[in-house]
Amino acid sequence: MAKYSKLEVISTMKETGMVPVFYNPDIEISKKVLRACYDGGVRAFEFTNRGDFAHEVFGELVKYAAAELPGMIVGVGSVVDAPTAALFLQLGANFVVGPLFNPAVAPVCNRRQVPYCPGCGSVSEVGAAQEAGCEICKVFPGDVLGPAFVKALKAPMPWSQIMVTGGVKPTEENLSAWFKAGATCVGMGSNLFPKDTIAAGDWLKITQLCRSALEIIAKVR
């Protein structure tokens, strides 16, 4: 059962402007990364469903956040069907993100008052997702669609709340382009978690990358 309300989750995404996107099959590494992000100011974190037994790691991560990281909202990503969404909701997911929009996922999340942020690659998909009750839609892949897509979408549909994911970088040039185009927040994965940094266990660097990215976002908004 989700610990945070739908309003709290959406407000946190909007206020911080960034949702780290991460997956690792090792629970201890995942805990270290979650703590590093938390220390860097992150308050909404997406753990993706990208490997066998990912739900087991996720369940432990949610318990860890509840016990050790006050105010850290943990959600699940890479969800493509309703049964998977239900599984992670039962493990305490506070939000559900997908690379695509599956209309069957929306009622499962809506019934539990948990935000569903589906991946959309067209104005029609965003419109359909909004009709299904999705308050924040994920524009994916961001690096393919580009900031111009977000700007064009917001012109006829200014009420749209957009989370851009895919190729987002923790630089002023990149983040400025997205937020000036009208993005509500960004999802950031590999550019926030370099492989060599994870391998070296340099958690301080991840904290610094998160803090720097959030500072840039606050500046360019």
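Which residues, counting only those in segment 195-218, are within 18 Å of the chain's Cα centre (by Cα), open to solvent by less than 30 Å² (accessible area, probe 1.4 Å) and not hydrophobic (A, V, I, L, M, F, W, C)? Correct list: THR207 only. Counting only residues that are touching a helix residue (DSSP H, G or I) at 6+ places or on another chain (Cβ under 8 Å), over 21 Å from VAL164 (Cβ atoms) and open to solvent by 10 Å² or more (accessible area, probe 1.4 Å), segment 89-106 holds 3 of them. Determine, yes or no, whether ALA93 is of a type in the set (A, V, I, L, M, F, W, C) and part of a helix (DSSP H, G or I). It is false that ALA93 is of a type in the set (A, V, I, L, M, F, W, C) and part of a helix (DSSP H, G or I). Which pairs do you get when a residue that is over 9 Å from PRO170 (Cβ atoms), found in segment 197-217, comes within reach of a residue that is open to solvent by 50 Å² or more (accessible area, probe 1.4 Å) and at pLDDT 95 or above, reach meaning Cβ atoms under 6 angstrom, with the pair 6+ apart or on two chains? Hits for this filter: THR197/LYS205; TRP203/LYS32; THR207/ASP39.
Let's see how each residue does on (1) free of Cβ contacts under 8 Å to residues at least 40 places away in the same chain; (2) open to solvent by less than 20 Å² (accessible area, probe 1.4 Å); (3) of a type in the set (Gly, Ala, Ser):
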{"residue": "VAL114", "(1), (2), (3)": "no, yes, no"}
{"residue": "SER122", "(1), (2), (3)": "yes, no, yes"}
{"residue": "LYS138", "(1), (2), (3)": "no, yes, no"}
{"residue": "VAL150", "(1), (2), (3)": "yes, yes, no"}
{"residue": "GLN161", "(1), (2), (3)": "no, no, no"}
{"residue": "GLU173", "(1), (2), (3)": "yes, no, no"}
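The values are calculated or read from the model by the stated rules, or taken from the named source; none is laboratory data. Keep in mind the model is a prediction, meaning the values are calculated, not measured. All Cβ positions, even for glycine, are placed from backbone atoms using ideal geometry, and neighbour counts span all protein chains on display. Please note that ligands, DNA and RNA were not included when accessible areas were found on the heavy atoms of the full protein model with its side chains. Shrake-Rupley method; radii C 1.70, N 1.55, O 1.52, S 1.80 Å.
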